[in-house]
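Since the structure comes first, as structure tokens, the remarks are kept for the end.
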């Protein structure tokens, strides 16, 4: 009988499921959308009750379309580090606070002063930033004290999904690490950070690794969806980590460019290497214990915004038009900081900028410049890797934006490396399914190689790379010149105007 692993991905815009046999055949895929809400400036929230309802609908659909007895493992993945607070009845107290939520600006500044920067960096591999969980919990304590008092457990997005499956309270180790409260070198929660945020450690569940079995599906879930009870569920991992794993980043020096709503860049490492300009994550491959990574906050979301606001055609047509514009967009350079910027800037006050416009330019110039802007952001990260002396051996490109042949070509030319695009790769939900299979022993890591057999190699042009290096220098200069303005400071010589 066929044995299979079910992967579940809780993303910003949808829940995705994929069922993969133990020998690497995709038996089915399902998805259901949901919305991101921003009730106030800087807020980014999602409705966990919608997640739950959609998950149960999708599981019932899976059961109706495949033989459920073949499902021998489940793995989960999702956005990280989101914040979900549960009461003593294990009910969410409020919507999920998403990883790109920046409401806790004042708390971040306060905690930066409380926690000695060098000590914090040495213990967490990062500096206090807008993604961390403990500033958001401090915000919750001060601004919604009635909810904070009811909180008994906190966890992340995919931890909550696997809790719904198993009833086991837990968090996966990448949520722990990205929360800013975890000791990266020694393991364990950092009491100094918890004390600074006036936080009770009892809110924090046990921590598991990606392939650790955290429990099995419950009879209550079976009654609700028809999915059999007793299926082992592994802890899974963060979506960008799962995506890098199933895209091919399994050796030190492998680099993944991930073009989603945000843009992620991940460099595989065989030993711990940290930098205050970057994030650090645990890997999930035997050869890659760590991933030095970054995120540009606005990637595909910027393109979607431009398309919607300007009533533009589909992206294929937009690409065709932009392909007629030469590299460098004839002087138009864009800063893609529509949601502030994460790495390497860590600047919530950064703003989007369009520079170089003249009456000779068209919307096609602006669109191409946006594609180039995200590539420049990735080039900025490679500059950090170069400064650290970290080699880049192979570069992979993945996720929805990588389907664009134009964007792939721009990426290759800007970063100055040949790229490999893995065709028909389902992304992070596949990584979750593979981790489920590996954790339960019905798969080996070699099964993932089946999904790397169909690919397109994208060569880069040295001539275009040299041209883009000049554009990149302009890109960096624009931010440095406008940074004082973005932060509300007058520019010398203009204060009298």
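Assuming R0 = 51 Å, can you tell me the calculated FRET efficiency for the pair residue 320 and residue 90, based on Cβ-Cβ distance, to the nearest 0.05?
Numbers: r = 51 Å, r/R0 = 1.00.
Result of the calculation: an efficiency of 0.50.
So for the stretch 73-140, considering every pair of alpha-carbon atoms, how many percent are separated by more than 16 Å?
Numbers: 1268 of 2278 pairs.
Of all Cα-Cα distances in the stretch 73-140, 56 percent exceed 16 Å.
Once the Cβ-Cβ distance between residue 469 and residue 185 is put in as r, and R0 is 30 Å, what FRET efficiency do you end up with, to the nearest 0.05? List each step's numbers first, then the result.
On the way: r = 37 Å, r/R0 = 1.23.
The pair residue 469/residue 185 has a calculated efficiency of 0.25.
Normalised by the number of residues in the stretch 4-235, what is the relative contact order in percent for Cα pairs under 8 Å and 6+ residues apart?
Worked out over the stretch 4-235, it gives 20 percent.
Once fully extended, how much extra length lies between residue 122 and residue 393, figured as 0.36 nm per residue of separation less the alpha-carbon to alpha-carbon distance?
Numbers: separation 271, 0.36 × 271 = 97.56 nm, distance 2.75 nm.
Once the chain is fully extended between residue 122 and residue 393, it gains 94.8 nm.
If I model a spin label as a point 7 Å beyond the Cα along the Cα-Cβ vector, how far apart are those points for residue 219 and residue 110 in nm?
Distance between the two pseudo-spin positions: 4.8 nm.
At q = 0.20, 0.29 Å⁻¹, what log₁₀ I(q)/I(0) does a Debye calculation on the Cα points of the stretch 165-220 give, no solvent, two decimals?
Each listed q corresponds, in turn, to -0.76, -1.22.
Compare the peptides 183-191, 308-316, 440-448 by average per-residue count of other Cβ atoms within 10 angstrom and give them in order, highest first. All intermediate terms of the calculation are to be shown ahead of the outcome.
Working: 183-191: 14.1, 308-316: 11.1, 440-448: 17.4.
Output ranking for 183-191, 308-316, 440-448: 440-448, 183-191, 308-316.
Per 0.36 nm of contour for each residue apart, how much would the distance between residue 358 and residue 29 grow if the chain were fully extended, relative to their Cα-Cα spacing?
113.7 nm
How much of the DSSP bridge set in the stretch 4-235 is antiparallel, in percent, rounded to the nearest 5?
On the way: 26 of 36 bridges.
So the antiparallel bridges in the stretch 4-235 amount to around 70 percent.
Tell me the mean residue ellipticity at 222 nm calculated for the chain from its helices only (DSSP H runs of n ≥ 4, each -39500 (n - 2.57), averaged over every residue, nearest 500). Intermediate values should be presented prior to the final figure.
Details: 16 runs with 183 residues, N = 497.
So the calculated ellipticity at 222 nm is -11500 deg cm²/dmol.
When only Cα pairs under 8 Å and 6 or more residues apart are kept, what is the percent relative contact order across the chain? Write down the numbers at each step before the final one.
On the way: 1084 pairs, mean separation 80.4, N = 497.
That works out to 16 percent.
When a/c reaches 1.5 or more, the comparison of a/b and b/c decides; with that in mind, is the stretch 218-320 rounded, prolate or oblate per its Cα gyration tensor? Provide the component values of the computation, followed by the final result.
Details: a/c = 2.57, a/b = 1.15, b/c = 2.23.
Oblate shape, in that a/c is at least 1.5 and b/c is the bigger or equal ratio.
Rounded to whole Å, give me the distance from the Cα center of the stretch 77-105 to that of the stretch 218-278.
Value for the Cα centre distance between the two parts: 19 Å.
Which residues does the label zone of residue 452 cover in the stretch 268-290, counting backbone N under 17 Å from a point 7 Å along Cα→Cβ?
Output list for this probe position: 268-270, 283-290.
How large are Rg and Dmax for the stretch 4-235 when calculated on the C-alpha trace, in angstrom?
Both quantities, over Cα of the stretch 4-235: 18.2, 56 Å.
Count the DSSP beta bridges whose two residues both fall in the chain, then state the antiparallel fraction as a percent rounded to the nearest 5. Could you put the intermediate results ahead of the total?
Working: 51 of 71 bridges.
Taking every DSSP beta bridge within the chain, about 70 percent pair in antiparallel fashion.
So how much slack lies between residue 149 and residue 444, counting 0.36 nm per residue of separation and subtracting their Cα-Cα distance, in nm?
Values: separation 295, 0.36 × 295 = 106.20 nm, distance 4.48 nm.
That works out to 101.7 nm of additional length.
Express the Stokes-Einstein translational diffusion coefficient of the chain in µm² s⁻¹, to the nearest whole number, given a Kirkwood radius over alpha-carbon pairs, 4 °C and a viscosity of 1.567 mPa s. Mind dumping the intermediate values first?
Working: Rh = 23.2 Å.
Rounded to a whole number, D works out at 56 µm²/s.
Values quoted throughout were computed directly from the atomic coordinates according to the rules given, and no laboratory measurement underlies them. Remember, it's a predicted structure, so these values are computed and weren't measured experimentally. Methodologically, a virtual Cβ is constructed for each residue, glycine included, from the backbone with ideal geometry; neighbour enumeration extends over all protein chains shown.
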